[in-house]
1. Once you order the gyration tensor axes a ≥ b ≥ c over the Cα atoms, which shape class does the range 1-67 get: rounded for a/c under 1.5, otherwise prolate or oblate by comparing a/b with b/c?
2. Compute the distance in nm between two label points, each set 7 Å from the Cα along the Cα-to-Cβ direction, one at Glu127 and one at Glu21.
3. Under the rule of -39500 (n - 2.57) per DSSP H run of 4 or more residues, summed and divided by the residues of the chain, what mean residue ellipticity at 222 nm is obtained, to the nearest 500 deg cm²/dmol?
4. Using a cut-off of 13 Å between beta-carbons, work out the net charge of the residues near Asn59 (Lys and Arg +1, Asp and Glu -1, Asn59 not included).
5. Given labels modelled 7 Å from the Cα in the Cβ direction, how far is it in nm from Gln88 to Ser52?
6. Could you tell me whether the range 55-105 comes out rounded, prolate or oblate from its Cα gyration tensor? Rule is a ≥ b ≥ c as square roots of the eigenvalues, rounded for a/c under 1.5, then prolate if a/b exceeds b/c, otherwise oblate.
7. For the chain, what class follows from the C-alpha gyration tensor (a ≥ b ≥ c being the square roots of its eigenvalues): rounded when a/c is under 1.5, otherwise prolate if a/b is larger than b/c, else oblate?
8. Ranking request for peptides 24-30, 61-67, 93-99: highest mean number of other beta-carbon atoms within 10 Å first, then the rest in descending order.
Amino acid sequence: TIRVILTNNSMATLALNYNAETVMVGDNGTSGLGIIFTPNINVPIGQARQDSPTVPEGNIRLLGPRQKCVHTILIPAGNLLIDPTFAQGTAQVRAYYRNNSAGAVSAAQTTGAALYPDQGLWIGAVESAPVSIPVGVQ
């Protein structure tokens, strides 16, 4: 079980591009939430993702000042323990969130001059510090 916690430490509300179904293991440079294992191991979870100019309205989430977003990832241990580094307890995981675009306003949403130049999404990338993965029996 891995819990990824995004915390908004600013005084402003942040508009984020988040879809729980497209959280990745690994990093292909696209917008969204993901985790990276060291050593690298590809465990498929969720759906594939790719960037598009306009972000679907259902993927836009507002994270208010001092609020947190918690996403839990459940990975069967058998999918990780195939790598000897995991079995020895020396593996690490880090989480990231990235958004590459403010989101384009689609022509279908406007009937004249657009009220806003884009969808107002936060642009940038953040990454957690690596966390060691303990191996034990529960």
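Please treat every number below as a calculation from the coordinates, not as lab data. Note that the coordinates shown come from a computational prediction; the quantities given were computed from them, not determined experimentally. Note that we place each Cβ from the backbone using ideal geometry, even for glycine, and neighbour counts take in every protein chain shown.
1. Numbers: a/c = 2.39, a/b = 1.39, b/c = 1.72.
Since a/c reaches 1.5 but b/c is at least a/b, the shape of the range 1-67 is classed as oblate.
2. For Glu127 paired with Glu21, the spin-label model returns 2.9 nm.
3. Working: 2 runs with 9 residues, N = 138.
The helix contribution divided over the chain gives -1000 deg cm²/dmol.
4. Numbers: positive: Arg49, Arg61; negative: Glu21, Asp51, Glu57.
Every neighbour counted, the sum reads -1.
5. Here the answer is 4.4 nm between the modelled labels.
6. Values: a/c = 2.94, a/b = 2.45, b/c = 1.20.
Because a/c hits 1.5 or more and a/b exceeds b/c, the range 55-105 counts as prolate.
7. Working: a/c = 3.02, a/b = 2.12, b/c = 1.42.
Prolate is the answer for the chain, as a/c is 1.5 or above and a/b outweighs b/c.
8. Working: 24-30: 15.4, 61-67: 12.9, 93-99: 19.6.
Sorting 24-30, 61-67, 93-99 by mean packing, highest first, produces 93-99, 24-30, 61-67.
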